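Enquirer: Have a look at this one.
The values are calculated or read from the model by the stated rules, or taken from the named source; none is laboratory data. Small disclaimer: the values here were computed from a predicted structure and weren't measured. Cβ sites come from the backbone with ideal geometry, for glycine too, and all protein chains shown count toward neighbours.
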Amino acid sequence: MFKREDAFTLIELMIVISVIGILIGMIIPNGAKVQEKADETVVKYHLNLLDNFNQALKGEYGRYPNSVTGKDIPDVLKDYASVDDNYKYISNNLDDKNFNNDPTDDSFNSSTYIIYYDFKIGGQYYYVDSLDKRIKRSKEIPTLAY
């Protein structure tokens, strides 16, 4: 008779390797979705933060800050929330500079705005505007409707 040794056969090893490969194939796509969800959460947090501070500025100055060249976040908002350069700000800079009875102060002269994240997450741009104040998504870069 043949003497059996305690070892794995080639078939058993191939089955174990196949099962491990299938499990890894299921885990890797979920890891990418987890990272995307984490990025989305961070962007929503920063948009809420910027929007809340912008509302506070309107309460203090009567209007929202003006947008600056290149759609950068105004310095007054950057001072409150340190965000990267992917956050953009668009506002309708009004012509009447004499609000709050201060004709020299034209840095807070907007009635509407959009703050958006200029990098797609899951194929969508995330933004918040002064009209709705909810975080929304769009496949296109959001624009300000006057």
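Enquirer: Among the residues of segment 119-128, count how many are without any contact (Cβ under 8 Å) to a residue 40 or more places away in the chain and touching a Lys or Arg at 6+ places or on another chain (Cβ under 8 Å).
Expert: 3
Enquirer: Right, V43: in contact (Cβ under 8 Å) with a residue 60 or more places away in the chain, β-branched (V, I, T), surrounded by 12 or more Cβ atoms within 10 Å (Cβ to Cβ) and out of contact with any Lys or Arg (no Cβ under 9 Å at 6 or more places or on another chain) or not?
Expert: Taking the combined requirement at face value, the residue satisfies it.
Enquirer: From (1) modelled with pLDDT of 80 or more; (2) closer than 21 Å to A145 by Cβ; (3) crowded, with 16+ Cβ neighbours inside 10 Å, pick out the condition that doesn't hold for Y61.
Expert: Here Y61 clears every test but (2).
Per-residue answers, yes or no, for (1) surrounded by 10 or more Cβ atoms within 10 Å (Cβ to Cβ); (2) outside any helix (DSSP H, G or I); (3) free of Cβ contacts under 8 Å to residues at least 60 places away in the same chain; (4) not polar (S, T, N, Q):
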residue	(1), (2), (3), (4)
I15	yes, no, yes, yes
G31	no, no, yes, yes
L47	yes, no, no, yes
L50	yes, no, no, yes
F53	yes, no, yes, yes
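Enquirer: For segment 122-140, which residues satisfy the criterion of being modelled with pLDDT of 90 or more and either surrounded by 11 or more Cβ atoms within 10 Å (Cβ to Cβ) or of a type in the set (V, I, T) (or both)?
Expert: Of everything in segment 122-140, those that are modelled with pLDDT of 90 or more and either surrounded by 11 or more Cβ atoms within 10 Å (Cβ to Cβ) or of a type in the set (V, I, T) (or both) turn out to be Q124, Y125, Y126, Y127, V128, I135, K136, R137, S138.
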